[in-house]
Amino acid sequence: LWWEAEASFKQGNYQKSILMMNRYLALGNVSSPAPCFLRLAESFQALRLEKDARRAFLTAVEEYKNRIAAAPDDMDLVRELAFAYTRQDCYADAERTIQSLLTARESAESFLDLATLQILQSRYTDALQNIQKALTLKDTCRDLSRAWYLAGRAHDELGTPAESQEEYRKAAAILDNLPAGSQSPAHASVVYAAVGRYEEARKDIEVDLDRDPLGPEAAIHLFRLGLVCEKGGQDVDAMEALNRSLSLRPRYTHAAAVLNRLAQKNRIVCQQAMTEAESAAAQNNPARAIAQWTIAFQRMPAGLQKQQLLQKILQQAGSMDSPPPLTLEAQRHYLRGNAALKTAREPVDLDRAISEFQWAATYSPWVANIYLNASAASGVRLRYGRAIESLKLFLTASPKVKNVEDVLAKLAELEYQQEETLRSLSNRAN
């Protein structure tokens with residue numbers, strides 16, 4: 001039952017994972033239930049069942065605390081609790097837990113864990129101080145590349161590029177000299193992008209995303225993709241990756257901080273594009289208006305303003321006899337999404353299709369068929385919320401579609417299926 005729950009989770013079948021994990025816990029002889037409740041919390045979060053996720057998470061925390069009380073010298077248990085807090089974006093609780101480890105015994109790993117949590121809370125100067133403490137300890141050698149990477153990240157956000165570049169160079173030198181066959185750490189891609197190896201770095205991240213395009217791990221991979229794209233001068237891709245990271249993990253405050261910094265950097269370009277778009281619309285030049293609105297749309301953080309602008313783009317395209325065609329980059333992702341949808345054999349194949357359609361919509365947000373196909377893939381994948389949202393966008397862009405009654409019937413069906421699924425899962429949680 002446990003393996004089936006884990007396999008279902010990895011495949012993105014969160015409903016089945018919840019069912020199998022509950023059956024496993026119901027056996028009553030689970031020696032360490034805390035990780036099970038953490039997995040339940042992540043599954044509920046993926047389904048947007050926040051109350052159930054919170055209840056499962058608090059149960060896991062209580063289990064950890066009981067085990068730590070029974071074995072106060074078990075530092076691995078304390079570290080597991082800190083990791084659990086971090087996974088749920090409870091950074092202050094995680095920091096207090098790591099501080100308790102440092103009180104018991106100072107180590108480079110714990111100082112770097114503390115620095116990581118402080119970066120996640122935008123406390124970059126504090127993080128640099130703890131990185132320096134880690135570097136003074138003898139056991140730092142195995143964590144040197146991580147130390148320099150974290151220092152580079154802190155200097156990035158402090159706006160000191162010369163210092164960040166120096167730290168990244170140190171990290172890259174260590175990573176390049178790892179023994180043959182060694183697995184590169186997760187931060188390697190950001191380091192390589194920072195020292196000018198953008199194509200290599202992006203390829204590495206996309207391999208990770210291909211394995212898990214929309215699952216809980218994808219939020220972290222998308223965050224790193226955002227950093228990599230920023231280093232490569234690809235702000236549009238960076239902001240899209242960060243927006244998607246936050247859609248999967250809304251409390252990921254550090255991703256939000258980086259996204260807001262990039263939005264501020266692109267503010268003037270965004271404003272100019274909006275002004276030119278409104279002028280083009282007033283002059284009855286809808287194609288140019290759509291092109292300029294898209295420039296602004298691509299440089300906005302997710303939120304009400306971005307949603308309203310997308311509606312404006314879609315309505316303008318829907319009023320045209322011949323809307324603009326897909327851009328070349330959008331067409332590449334659109335065709336890849338169609339291929340993934342047609343040949344899908346596993347749930348992850350459908351997630352790949354959805355991801356490709358998301359990228360296509362970033363580059364050509366006015367094209368109705370992107371949303372129709374995204375809705376189809378999401379519906380088959382049982383991601384009803386995504387399917388409903390995409391179908392509504394399709395209708396906005398295609399108000400004159402011939403089979404509108406069929407589309408509306410499908411929309412009602414999806415809404416009913418979503419409600420039934422959420423009711424069923426919530427009842428099981430209770």
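Things to note:
- From the options Lys312, Lys400, Lys306, Lys392, residue that is of a type in the set (Lys, Arg), in a helix (DSSP H, G or I) and more than 28 Å from Glu230 (Cβ to Cβ): Lys392
- Scanning region 157-199 for residues that are assigned to a helix (DSSP H, G or I) and farther than 16 Å from Ala127 by Cβ yields a total of 19.
- Out of Arg386, Arg336, one residue alone is open to solvent by 40 Å² or more (accessible area, probe 1.4 Å), outside any loop (DSSP other than H, G, I, E, B), at pLDDT 95 or above and not small (Gly, Ala, Ser). It is Arg336.
- Residue within region 320-332 that is open to solvent by less than 40 Å² (accessible area, probe 1.4 Å), of a type in the set (S, T, N, Q) and not in a loop (DSSP other than H, G, I, E, B) present: no
- Subset of region 367-380 [open to solvent by less than 20 Å² (accessible area, probe 1.4 Å) and either closer than 24 Å to Pro323 by Cα or in contact (Cβ under 8 Å) with a residue 40 or more places away in the chain (or both)]: Ala368, Ile370, Tyr371, Ala374, Ser375, Ala377
- Restricting region 203-249 to residues that are of a type in the set (Lys, Arg) and in a helix (DSSP H, G or I), the residue that is least open to solvent (accessible area, probe 1.4 Å): Arg244
- Some residue of region 133-140 being surrounded by fewer than 15 Cβ atoms within 10 Å (Cβ to Cβ) and closer than 30 Å to Ser8 by Cα: no
- Gln121 vs. criteria surrounded by fewer than 19 Cβ atoms within 10 Å (Cβ to Cβ) and free of Cβ contacts under 8 Å to residues at least 40 places away in the same chain: no
- The combined condition, being touching a Lys or Arg at 6+ places or on another chain (Cβ under 7 Å) and of a type outside the set (A, V, I, L, M), is not fulfilled by Phe357.
- Scan region 1-40 for residues that are of a type in the set (Gly, Ala, Ser) and free of Cβ contacts under 8 Å to residues at least 24 places away in the same chain and the total you get is 5.
- Verdict on Leu128 being over 25 Å from Arg251 (Cβ atoms), over 21 Å from the mean Cα position of the chain (by Cα) and either crowded, with 17+ Cβ neighbours inside 10 Å or of a type outside the set (Asp, Glu) (or both): no
- Out of Arg153, Arg96, one residue alone is of a type outside the set (S, T, N, Q) and exposed (fewer than 14 other Cβ atoms within 10 Å of the Cβ). It is Arg96.
- Among (1) more than 22 Å from Gln234 (Cα to Cα); (2) crowded, with 20+ Cβ neighbours inside 10 Å; (3) modelled with pLDDT of 95 or more, the one test that Arg299 misses: (1)
The values are calculated or read from the model by the stated rules, or taken from the named source; none is laboratory data. Since this is a predicted model, take the numbers as computed values, not measurements. No Cβ is skipped: glycine too gets one built from the backbone with ideal geometry, and neighbour counts run over all protein chains shown. Calculation scope for accessible area: heavy atoms of the full protein, side chains included, ligands and nucleic acids excluded. Shrake-Rupley method; radii C 1.70, N 1.55, O 1.52, S 1.80 Å.
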